[in-house]
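Have a look at the structure below, then the notes.
The values are calculated or read from the model by the stated rules, or taken from the named source; none is laboratory data. Every value quoted in this text rests on a predicted model; they were computed, and no experiment measured them. Glycine gets a Cβ as well: all are built from the backbone with ideal geometry, and neighbour counts include every protein chain shown. Protein only, heavy atoms only, side chains kept; ligands, DNA and RNA dropped before computing areas. Shrake-Rupley method; radii C 1.70, N 1.55, O 1.52, S 1.80 Å.
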Amino acid sequence: MLSVVGMGGAEPFEAALADLGQSTIPAPEKPESEKRADLAEDDAALAPFQTLQDRGAEVVIAMSRAGFDQQWRGVIEAVKPAMGFLNVMTADFHLHLAGGTVSGWRDGQGEKIALGEGGTPTGLRLISQAFA
């Protein structure tokens, strides 16, 4: 029913819930069919993130969907593929993009627009002078 990612470890979270008298139930083991494979080296999402990292270019990572708009601006210091995700992590921002969710990129004016299944825009955009 609930999943928590504790960046400071489990102890602070468990301490905050200690007075509730709740018990924990171990998470069930995922079937092999649901376990994530490593991110493919040729995953379509990788190339523009790698370009931004290699150039040390400032970028705006924007995600827009109906009723939702979020942006982060900064420099991608490292692209870290792990557990089937493309990961960009800084002190104030984390992006975990599942492998296979980007089928390609459409070039815009100074931006890359992520495309999903069937070439439909996903709402993810990378805006940078590196793409101008």
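Computed values, structure above
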item: Qualifying positions in segment 66-87 - open to solvent by less than 30 Å² (accessible area, probe 1.4 Å), in contact (Cβ under 8 Å) with a residue 24 or more places away in the chain and not in a loop (DSSP other than H, G, I, E, B); result: 79, 86
item: Subset of segment 99-114 that is touching a residue at least 40 places away in the same chain (Cβ under 8 Å) and among the hydrophobic types (A, V, I, L, M, F, W, C) - its residue that is nearest to residue 38 (Cα to Cα); result: 102
item: Residue list for segment 38-65, filter: in a loop (DSSP other than H, G, I, E, B) and open to solvent by less than 70 Å² (accessible area, probe 1.4 Å); result: 39, 40, 43, 44, 45, 56, 57
item: Single residue of segment 1-21 satisfying the filter (over 25 Å from residue 92 (Cβ atoms) and surrounded by 10 or more Cβ atoms within 10 Å (Cβ to Cβ)) that is modelled with the lowest pLDDT; result: 17
item: Residue 118 being surrounded by 10 or more Cβ atoms within 10 Å (Cβ to Cβ) and on the phi > 0 side of the Ramachandran plot; result: no
item: Evaluation of residue 84 against (1) on the phi < 0 side of the Ramachandran plot; (2) within 13 Å of the chain's Cα centre (by Cα); (3) at pLDDT below 95; (4) among the small types (Gly, Ala, Ser) (one fails), failing number; result: (1)
